[in-house]
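Take a look at the structure set out below.
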2 protein chains.
Amino acid sequence: MQNQLKIARVTMNLTQQQLAEKVGVTRQTISLIEKGKYNPTLKLCLSICHAVNKTLDEVFWIEKEEWKNAEN
Amino acid sequence: MQNQLKIARVTMNLTQQQLAEKVGVTRQTISLIEKGKYNPTLKLCLSICHAVNKTLDEVFWIEKEEWKNAEN
DNA sequence: GTATAATGTAATATATACATTACATAGAGG
DNA sequence: CCTCTATGTAATGTATATATTACATTATAC
């Protein structure tokens, strides 16, 4: 499940470690989310979005078409 | 953690049961999410959004201010 | 006033998000 | 080279999202 987190994070000049601390999770969690290997909770998505100054749609939205073929 | 799911669902003329079936979860899960008692996963949020023809921001976004005081 | 549909919610079980600890790799700079 | 920073990822444990089953409440319609 791909997302725009890495781009958003780098744009904010944050390392995974720094973002993890702002959000209150571990670096591993951030890494796995960026890699599309985790299915994060809404609460965590919202925390991340506020930390990188973006909205849910900007970071996590997936269009219906791509959604259908998503590996999940 | 409040959201706009109930409004979106009723707008689409769907019962909790019908939405649950479209999305592939149980009615209880939909009910609890509407009541703000569950912290759904991103994947489920996306499925729900596609089912009610709305985006993540429209259904699940919470502004920074409200976020700070959220009971979670 | 009793069926029926829609919703709330409780108890228990299972799957999985996330933490913790730890190690490995790649790149930059000395 | 060696060191340090940033990142990937594996193993194991814990918390919690979600399923299952079941019962209660409310409103509508007959």
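Where a number appears in this text, it was derived from the coordinates with a stated rule and is not lab data. Note that the structure is a prediction, hence the values are computed from the model and not measured. With ideal geometry, Cβ positions are generated from the backbone for all residues, glycine too; neighbour counts draw on all protein chains shown.
Details
- Inter-copy spacing of B:Gly36 label points, which lie 7 Å from Cα along Cα→Cβ, given in nm from shortest upward: 3.5
- Rounded, prolate or oblate (a/c below 1.5 giving rounded, otherwise prolate when a/b exceeds b/c) for segment B:18-72 by Cα gyration tensor: oblate
- Calculated label separations, A:Ile7, copies of the chain, 7 Å along the beta-carbon direction, nm: 2.9
- Non-local lysine pairs in segment A:5-71, meaning eight or more places apart or on different chains, with alpha-carbon distances under 16 Å, amount to 7.
- Inter-copy label distances at A:Lys22 (7 Å, Cα→Cβ; nm, one decimal): 3.5
- Calculated FRET efficiency for the pair A:Glu63/A:Leu32, C-beta based, R₀ 30 Å, to 0.05: 0.85
- Over chain B, Cα pairs under 8 Å with separation of 6+ residues give a relative contact order of 40 percent.
- Length added when fully stretched, A:Val10-A:Lys43, from 0.36 nm per residue minus Cα-Cα: 9.7 nm
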